[in-house]
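The values are calculated or read from the model by the stated rules, or taken from the named source; none is laboratory data. Predicted model only: the values in this text are computed from it and were never measured. When we count neighbours, we look across all protein chains shown, and the Cβ atoms used for this are built from the backbone with ideal geometry, even at glycine. Areas reflect the complete protein model, heavy atoms only, side chains present, ligands, DNA and RNA absent. Shrake-Rupley method; radii C 1.70, N 1.55, O 1.52, S 1.80 Å.
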Amino acid sequence: MGIEFELKYRATPEILARVATEVKGCARRFAMETTYYDTKDRALAARKCTLRRRLENNVSVCTLKMPAGSLGRAEFEMECENIEKAIPELCKLSGFKELETLVGAGVQAVCGARFQRHAILVDIGDANLELALDAGVLIGGGKEETFYELEIELKSGNRDAVVAYAKTFALRYGLVPEPQSKFHRASLLAGGKQYG
């Protein structure tokens, strides 16, 4: 299990290009294609849980995210070719015994996202973080919406150091906080409730 702590910001193609040029660190590129799943009655979203399958450079990774109190979000993931096969193992990993019951009648694709990620690993002394520069489309209800965003995610170390770094970084690049997840925004495109 990992505890996910990240700060999201809206960006523009110009800002992402500038960050990619100016920030030094180990960089990798990913082609991402994400499908989010839920039950017919959106039981997972109502519990602020996210179930997704993401192709990361054609590697299939299934993930369950759930609230972890003030710590952020707990994240459990495994490589698996489809979400149905992954659910029993994600139940074990998470200890979320209710999950298997909730999804007993099956899950369905709700919405998704397709994007390119330029990830840069940065050591700031008291913490290691990843800058994720994302550009692509959110998909839902037969509609697509273009997005550009930047995530600053703690990989290890001191959370307060990342918050301080993010504050300075956002000012430098004129970034605006993005309070909603990709799932939330794609779900709204699909006509879903304001969960996630």
List pairs: first residue in the stretch 13-26 and closer than 16 Å to GLN116 by Cβ, second residue part of a loop (DSSP other than H, G, I, E, B) and open to solvent by 30 Å² or more (accessible area, probe 1.4 Å) anywhere in the structure, Cβ distance under 9 angstrom, at least six positions apart or on different chains. ILE15/GLY174
Of the listed residues (ARG47, ARG18, ARG73), the one being modelled with pLDDT of 95 or more and either out of contact with any Lys or Arg (no Cβ under 6 Å at 6 or more places or on another chain) or surrounded by 14 or more Cβ atoms within 10 Å (Cβ to Cβ) (or both) is ARG18
The lone exception for VAL110 - which of (1) more than 20 Å from LYS40 (Cα to Cα); (2) β-branched (Val, Ile, Thr); (3) touching an Asp or Glu at 6+ places or on another chain (Cβ under 6 Å) it fails: (1)
Are any of the residues in the stretch 109-124 open to solvent by 30 Å² or more (accessible area, probe 1.4 Å) and of a type in the set (S, T, N, Q)? yes
Scanning the stretch 77-108 for residues that are open to solvent by 20 Å² or more (accessible area, probe 1.4 Å), closer than 14 Å to THR50 by Cβ and in a helix (DSSP H, G or I) gives SER94, LEU102
Is there any pair linking a residue in the stretch 43-69 that is in contact (Cβ under 8 Å) with a residue 24 or more places away in the chain and on the phi > 0 side of the Ramachandran plot to one that is surrounded by 15 or more Cβ atoms within 10 Å (Cβ to Cβ) and not in a strand (DSSP E or B), with Cβ under 9 Å and at least six apart or on different chains, and which? LYS48/TYR195; LYS48/GLY196
